[in-house]
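**Student:** This is the structure I have questions about; it appears just below.
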Amino acid sequence: MGKRGRHSPLTTTKKGSAGYDWFTPFLALHTLFNHMGTRSNIRLTYSDRNKVVFYQHWDGDTLSDVLKAALKRGKERWDDAPYLARIIFSEMVKDDIEGLTGWGITTEVQEENWFTLDVNLEEQMVEWVDRGGKGHCLSFAEFID
């Protein structure tokens, strides 16, 4: 939740044509419940160097945990890239399988300046750069521990 300062959405008012202050409650709910500021990607690299990207629009700060859960659940499929890819995406969308927004599958990273986990399916490695700019590279086994 953001700070409640003088110019906070929680204190801003704009009157509608009938004088009803609709803007403040709308922005308050947006601030409290919207996690669009944490977009993220999982970029899968296959043995032929082709890439598939799974995009998550909300709750990007949980993406590492999602990938860990998927790799743990799919451990017997680490050598089977198509199945492992499906397991990873299924873990991402499992709570909203019929949703129409929030996740995507593409070939390019979405929101380049946001968090991306690079998953090399052939080498079974996970790489990322943390918010401090430090790079990390772990095997699947190290990543899930």
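The values are calculated or read from the model by the stated rules, or taken from the named source; none is laboratory data. Since we're looking at a predicted model, the values are computed, not measured. Neighbour counts run over all protein chains shown; Cβ positions are idealised from the backbone, glycine included.
**Student:** Among all residue pairs at least 6 apart or on different chains, which show Cβ distances below 7 Å where the first residue, located in the range 94-114, is over 18 Å from Val129 (Cβ atoms) and the second is acidic (Asp, Glu) and surrounded by 10 or more Cβ atoms within 10 Å (Cβ to Cβ)?
**Tutor:** Every condition considered, the pairs that remain are Gly102/Asp96.
**Student:** Also: Taking the range 119-130 only, how many residues are closer than 22 Å to Thr38 by Cα and surrounded by fewer than 16 Cβ atoms within 10 Å (Cβ to Cβ)?
**Tutor:** 2
Here's the yes/no breakdown for (1) in a strand (DSSP E or B); (2) in contact with a Pro (Cβ under 7 Å, 6 or more places away or on another chain); (3) surrounded by 13 or more Cβ atoms within 10 Å (Cβ to Cβ); (4) among the β-branched types (Val, Ile, Thr):
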| site | (1), (2), (3), (4) |
| --- | --- |
| Asp79 | no, no, no, no |
| Ile87 | no, no, yes, yes |
| Ile97 | no, no, no, yes |
| Glu111 | no, no, yes, no |
| Leu117 | yes, no, yes, no |
| Gly132 | no, no, no, no |
| Cys137 | yes, no, yes, no |
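**Student:** Please enumerate the residues belonging to the range 59-70 that are under 20 Å from Asp130 (Cα atoms) and part of a helix (DSSP H, G or I).
**Tutor:** The answer is Gly60, Asp61, Thr62, Leu63, Ser64, Asp65, Val66, Leu67, Lys68, Ala69.
**Student:** Tally the residues that are within 17 Å of Arg73 (Cβ to Cβ) and over 17 Å from the mean Cα position of the chain (by Cα), restricting the search to the range 93-138.
**Tutor:** Qualifying residue count, the range 93-138: 2.
**Student:** While we're here: Quick test for you: out of Arg49, Arg43, pick the one residue that is closer than 15 Å to Met125 by Cβ, in contact (Cβ under 8 Å) with a residue 40 or more places away in the chain and charged (D, E, K, R).
**Tutor:** Step by step, each of Arg49, Arg43 is checked, and only Arg43 is closer than 15 Å to Met125 by Cβ, in contact (Cβ under 8 Å) with a residue 40 or more places away in the chain and charged (D, E, K, R).
**Student:** Has the range 33-41 got any residue that is at pLDDT 85 or above, in a strand (DSSP E or B) and within 23 Å of Ala141 (Cβ to Cβ)?
**Tutor:** Yes - at least one qualifying residue is present in the range 33-41.
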